[in-house]
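What follows is one structure encoded as structure tokens, with my remarks underneath.
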Amino acid sequence: MFLDMINEPKDLRVLTKEQLKSLAQELRDKIISTVAKTGGHLASNLGVVELTIAMHYVFDSPTDKIVWDVGHQSYTHKLLTGRKEQFDTLRQYKGLAGFPKREESLHDAFNTGHSSTSISAALGIAKARDLKKEDYSVIAVIGDGALTGGMSFEGLNQAGHMKSNLIVVLNDNERSIGPNVGALSSYLQKMVTDPHYHDNRKKALGLIKMLPKFGAKAAKAIFDLEETMRAFTTTPGLLFKELGFKYYGPVNGHNLGEMIRSFENIKQIKGPVLLHVMTKKGHGYKPAEDNKTRFHGIGSFNVENGEVEDKGVTFTNALSDSLIKLAKKDEKIVAITAAMASGTGLDKFAEIFPDRFFDVGIAEQHAVTFAAGLASNGMRPVVAIYSTFLQRAYDQIVHDVCMQNLPVVFAIDRAGLVGDDGPTHHGAYDLSFLRNIPNLTIMAPKDEKELGSMLKAALEAKGPVAIRYPRGSCCGALAGELKSTEIGKAMVCAGGSNLVIFAVGSMVSIALASVPEMKKQGIYPCVVDIKTIKPLDEEMIVSQAKRLKKVITIEENALPGGFGSAVLELLEKHKVKADVRRIGIPDEFIEQGKVNILKERCGLCKENLIKVAKELLK
């Protein structure tokens, strides 16, 4: 196998072009077989195999710096840069990360996991190179989906102005997670390959071989000529030209020979250059080609047929079902997502209410202010975004929604520890960064019924409401009519006489599961489902703390500034003297791993709760 011969990128250069094609198939087979066991981002990685081989064949990593946008297409890169022996540990606890990680390899120039950051980061690296008077290439690989994020254009704008040597590889597969949306997507789709243009380009490149002494100058002259030709034959290329880039492409991203020639060409060009590459997500594996969205991020699956085990009812399903029920009775309800229709469950809403569903692309800031505009004109928008991505729209939540007290509902999916995607995707901070914003109500359901009730209450509220819920399964299916939960009211789930456990959302079930074992050890806890983190049920919390004097708070959120901090503030306000222990995610970035392993590490488990209770009562 040719993959056995590759321990670092320079080993590629001993292979013939035909052998590189065989290597591409080996890489695909390795990625498919591994992800089938570990889960991961499959379709995006299968689409960039040839692109990655060609890039490492031409450029000299780690001297040349490659920045992968998002990073969920970096598996081939990992396999070619000395990590093939560890590849079976992909996304596992203490194993290889699913995204680029500087701590993991010198070949990972920049940590990524969120979208639209690569151009800005690569430009910073390039400018540092210039200031230190060094000489190497810097390449940013960004998908067309990531171009829907405004930050990518901020980077393009600055790069075109600064004129530093920078290569941007636009991987155009017409998708982010689902199909791309918006005017920019339509714009890029107009860029099609002109056969006459490519015929002339091949002839021009042939001239370079005939002029060895003047190769670089000839390459630049020919490139300038073909850039001009492309500008006249495909007007959309003028967008990047006007931003200060030399535009090159589109080229076939699955043609290794063409990709290598393209990289060799642009490597010699000075200033900012954009190479437009056309690829197909899921290329080489039919189930992924047929269902690109499903195989974007997937759990373990059967390689033969692509089938995935049914995970049952999830909080995401419950949100979707509840929202559809409520929207059937209220035409003012609209749903918004940022390129995550399937991940947030809004794809079902979109099928039933296509005119009331809006996918804004990877543009969380715009999503929130767009929702604010809708709310200001009488609509009831629900913005469904993962917790980790809501971080990107913090100013819009404060300035555009809460300051105007607009009735926008934030459905915050993946709140807490998400598992194998690791620190870039854990929703560990939303309680901390939302709790201090005036006018905002924050709730957390313990199960799917509470989620439906909270959603109904949120859509009836006069101001903004955030509902946070975890990734994964919940107790069962929704049934019957939805009844509004009472905002600001907690509920005693188990009576007790030794201490009180104030639990938030997903932690309520852990608290209740600990009660039988605690009773065996002579501990009789009162368990309170807090439900509303802001405003807190002051009467309930103060009265229980005064009565029992021993308090434990437990939350699937960072300890600094979280729910436990809110309880301490409340007890201080009312001058209540109580012994308080807080359990939550520690003040550090938590690595990837199965959720149950990570929860145990953070103490978010029955065993640690019992341990803390025993220590508290000593």
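What the table below lists for this structure:
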| item | result |
| --- | --- |
| Residue in the range 443-452 that is in contact with a strand residue (DSSP E or B) (Cβ under 7 Å, 6 or more places away or on another chain), within 17 Å of F389 (Cα to Cα), assigned by TED's automatic domain parsing to the domain that holds V383 and of a type in the set (D, E, K, R) present | no |
| Leading residue by the ranking (nearest to K550 (Cα to Cα)) among those in the range 482-512 that are surrounded by fewer than 13 Cβ atoms within 10 Å (Cβ to Cβ) and assigned by TED's automatic domain parsing to the domain that holds K606 | S497 |
| Filter result for T38 (at pLDDT below 95, surrounded by fewer than 24 Cβ atoms within 10 Å (Cβ to Cβ) and out of contact with any strand residue (DSSP E or B) (no Cβ under 9 Å at 6 or more places or on another chain)) | yes |
| Positions within the range 494-509 being among the aliphatic types (A, V, I, L, M) and closer than 13 Å to I552 by Cα, in sequence order | L499, V500, I501, A503, V504, M507, V508 |
| Tally, over the range 360-376, of residues that are under 15 Å from the mean Cα position of the chain (by Cα) and of a type outside the set (S, T, N, Q) | 4 |
| Residues located in the range 130-151, provided they are without any contact (Cβ under 8 Å) to a residue 40 or more places away in the chain and on the phi < 0 side of the Ramachandran plot | D130, L131, K132, E134, D135, M151 |
| Subset tally (residues that are part of a helix (DSSP H, G or I) and either assigned by TED's automatic domain parsing to the domain that holds M340 or not hydrophobic (A, V, I, L, M, F, W, C) (or both)) for the range 106-127 | 4 |
| Boolean, K534 is over 25 Å from E615 (Cβ atoms), within 30 Å of the chain's Cα centre (by Cα), modelled with pLDDT of 95 or more and not β-branched (V, I, T) | yes |
| Meets criteria (under 20 Å from Y429 (Cα atoms) and either in contact with a strand residue (DSSP E or B) (Cβ under 8 Å, 6 or more places away or on another chain) or of a type in the set (D, E) (or both)) for D587 | yes |
| Filter pass, M518 being touching a residue at least 60 places away in the same chain (Cβ under 8 Å), buried (at least 18 other Cβ atoms within 10 Å of the Cβ) and in a helix (DSSP H, G or I) | yes |
| Pick from the range 313-343, criterion small (G, A, S) and within 23 Å of the chain's Cα centre (by Cα), ranking: nearest to M379 (Cα to Cα) | A335 |
| Residue under evaluation V308, criteria (1) modelled with pLDDT of 90 or more; (2) touching a Phe, Trp or Tyr at 6+ places or on another chain (Cβ under 7 Å), criterion not met | (1) |
| Hits in the range 530-563 (condition: in a strand (DSSP E or B), charged (D, E, K, R) and more than 22 Å from E588 (Cβ to Cβ)) | K534, K550 |
| Residue check, N439 closer than 19 Å to V368 by Cβ and surrounded by fewer than 24 Cβ atoms within 10 Å (Cβ to Cβ) | yes |
| Residues being touching a Ser or Thr at 6+ places or on another chain (Cβ under 8 Å) and surrounded by fewer than 18 Cβ atoms within 10 Å (Cβ to Cβ) - total across the range 581-618 | 1 |
| Output for the range 452-473, where each listed residue is modelled with pLDDT of 95 or more, within 22 Å of V418 (Cβ to Cβ) and not in a loop (DSSP other than H, G, I, E, B) | M454, L455, A466, I467, R468 |
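Per-residue answers, yes or no, for (1) within 20 Å of the chain's Cα centre (by Cα); (2) acidic (D, E):
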{"site": "H41", "(1), (2)": "yes, no"}
{"site": "L46", "(1), (2)": "yes, no"}
{"site": "V49", "(1), (2)": "no, no"}
{"site": "V67", "(1), (2)": "yes, no"}
{"site": "V70", "(1), (2)": "yes, no"}
{"site": "Q73", "(1), (2)": "yes, no"}
{"site": "E85", "(1), (2)": "no, yes"}
{"site": "S105", "(1), (2)": "no, no"}
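Conditions (1) among the aliphatic types (A, V, I, L, M); (2) touching a residue at least 12 places away in the same chain (Cβ under 8 Å); (3) buried (at least 19 other Cβ atoms within 10 Å of the Cβ); (4) not assigned by TED's automatic domain parsing to the domain that holds D130, marked per residue:
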position	(1), (2), (3), (4)
I266	yes, yes, yes, no
K270	no, yes, no, no
V277	yes, yes, yes, no
K281	no, yes, yes, no
K292	no, yes, yes, yes
H296	no, yes, yes, yes
S300	no, yes, no, yes
V303	yes, yes, no, yes
G306	no, yes, yes, yes
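The values are calculated or read from the model by the stated rules, or taken from the named source; none is laboratory data. Note that the coordinates shown come from a computational prediction; the quantities given were computed from them, not determined experimentally. In this analysis, Cβ positions are derived from the backbone assuming ideal geometry, glycine residues included, and neighbour counts consider all displayed protein chains.
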